[in-house]
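The values are calculated or read from the model by the stated rules, or taken from the named source; none is laboratory data. Every value quoted in this text rests on a predicted model; they were computed, and no experiment measured them. We place every Cβ from the backbone using ideal geometry, glycine too, and count neighbours over all the protein chains shown. Quick note on the areas: whole protein, heavy atoms, side chains included, nothing else; ligands and nucleic acids left out. Shrake-Rupley method; radii C 1.70, N 1.55, O 1.52, S 1.80 Å.
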Amino acid sequence: MLTSRRSILTRIGPAAAIGMSSWRQSLLTAASEATASEGATRAGRHCVVLWMSGGPSQLDTFDMKPGTAVGGPLKESQTSVPGLRFSEHLPKLAKQAERLAIMRGVSTKEGDHARGTTLMHTGNPVGTSLRYPSIGSSLSKALALPGQPLPGYVSISPPPIAPQAQSPGFLGPKFAPTRVSSAINEADQNFATLRVDHLHSPLSTESPRYRKRLELWRQQQQTFLADRNVASLDAQQTTYDAAFEMLGSDAKDAFDLTNEPDRVRSAYGAGTFGQGCLMARRLIERGVPMIEVALGDGLGWDTHADNFERVKTLSRELDSGWATLMDELADRGLLESTTFLWAGEFGRTPTINRSGGRDHFPQAFTCVLAGGGIHGGQAFGATANDGAEVVEGKIECKDLMATLCAAVDVDPELENETEEGRPIKISEGIPVDNVLA
């Protein structure tokens with residue numbers, strides 16, 4: 001019986017998914033670590049995007065209007081920075097306000113979930129023929145170091161809506177994120193379980209059977225490539241080699257949160273977001289430059305009804321996960337090299353509807369930058385007393401992306417080429433110097 005390269009690959013284990021599942025994205029992303037020498041100029045910088053799926057209410061979190069008709073019942077409180085106030089349901093973040101720059105003047109024209117998610121992930125126009133890469137793909141390309149066994153871009157519990165928003169676009173699949181999904185773990189009911197699909201091989205990578213199959217596949221692969229001098233096949237081979245390196249490396253233990261004490265896991269919060277923030281810390285410790293953690297399973301922040309109770313619950317989850325992550329990074333000397341962006345696809349209306357909710361509102365909303373490269377302890381921009389418009393410091397999404405780039409020491413005008421050789425800047429926006437350290 002003839003044995004094909006594909007069948008051997010299948011028997012080796014997780015590599016079976018190559019070309020058939022999201023694992024392929026993981027493999028391709030891992031390859032970027034081995035081939036990203038072109039971007040390896042900013043050693044040790046990290047970026048964490050905290051994605052609020054559904055569009056969080058700025059009026060009930062970071063740009064509150066107490067005592068007005070649009071204010072709602074939630075209260076604000078004083079932070080550690082005199083004069084800077086935000087929701088009382090973010091008490092741990094309030095104690096770290098000197099690390100936060102509240103961007104209260106963000107404005108776009110996209111009030112649709114999918115289009116808004118794509119715009120806020122790319123900073124570029126939506127619906128054009130050019131497939132712009134996500135900011136995560138662009139920054140991981142610029143920040144990744146060669147020879148690292150872990151992927152350069154990891155997305156934890158991404159929302160199902162608009163998956164193309166995290167696409168590497170014209171950069172190609174090797175800069176796609178490795179996706180970490182939540183799963184049910186009957187053996188551990190106390191904490192949400194996160195896992196990379198197919199990461200665990202059915203065979204031990206140390207077993208003779210695994211090594212024999214891998215060696216047989218390598219021999220067939222070598223024969224296959226001998227007469228084929230094609231760039232795409234070379235890239236594919238690099239992908240496979242990097243993937244097998246990760247499988248055989250202890251670095252993949254970064255995804256195993258059971259190695260953490262319960263008291264640490266509890267401090268982050270037992271839910272998917274809290275555990276995702278803990279995983280982010282472990283990935284940063286092992287050199288992963290770009291991580292995204294989502295809060296709001298599905299569209300959790302899409303509060304058309306019962307806005308205030310839902311925002312209160314989500315805020316507490318956000319507060320524990322984000323604040324603990326910044327504290328632990330600071331304790332390890334990693335906060336100065338890690339920049340945060342808190343954002344959703346848009347904000348919510350100042351008007352409270354009949355269902356006690358707020359609807360989509362892209363005209364004037366809030367994002368937050370924090371950590372390394374950011375001059376915290378301030379609010380930049382302002383909205384009117386009725387929250388209906390930006391009256392000071394208005395910025396577009398592309399400006400926010402440019403500011404994020406500058407904070408992690410990546411020139412937003414850095415160009416990548418499309419397959420046709422067309423140079424495209426990471427961002428056409430203008431960095432907001434006031435919030436850069």
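Quick notes on this one:
- Surface accessible to a 1.4 Å probe, per residue, for the residues of the chain, Å²: 41 Å²
- The dipole here belongs to the stretch 203-318: it is taken about the Cα centre, uses +1 on the Cβ of Lys and Arg and -1 on the Cβ of Asp and Glu, and is about 280 debye.
- P(r) tail for the stretch 342-423: Cα pairs beyond 16 Å make up 64% of the total.
- GNM on the chain, alpha-carbon springs under 10 angstrom: the most fluctuating residue among 157, 129, 57 is 129.
- Furthest towards positive pole of dipole, 356, 437, 391, structure part the stretch 355-437, Cβ charges: 356
- One Cα centroid belongs to the stretch 90-146, the other to the stretch 372-386; the line between them spans 16 Å.
- Peptides ranked, highest mean first, by Cβ atoms within 10 Å: ranges 131-142, 424-435, 90-101: 131-142, 90-101, 424-435
- Of 226, 406, 382, the one that fluctuates the most in a GNM where the chain has Cα springs shorter than 10 Å: 226
- Charged side chains reduced to their Cβ positions (Lys and Arg at +1, Asp and Glu at -1) give the chain a dipole of some 940 debye around its Cα centre.
- Legend: Rg and Dmax of the stretch 80-232, from Cα coordinates, 22.0, 69 Å.
- Within the accessible area of the stretch 316-384, the carbon and sulfur atoms contribute 44%, probe 1.4 Å, all protein chains present.
- Principal semi-axes of the equivalent ellipsoid, √(5λ) from the alpha carbon gyration tensor of the stretch 262-405, are 28, 21, 12 Å from largest down.
- Full-stretch length increase - residue 264, residue 224 - with 0.36 nm per residue and alpha-carbon distance subtracted: 9.5 nm
- Sorted largest first, the spans of the alpha carbon positions of the chain along the three principal axes are 78, 52, 41 Å.
- Surface composition of the stretch 85-156: carbon and sulfur make up 51 percent of the accessible area, probe 1.4 Å.
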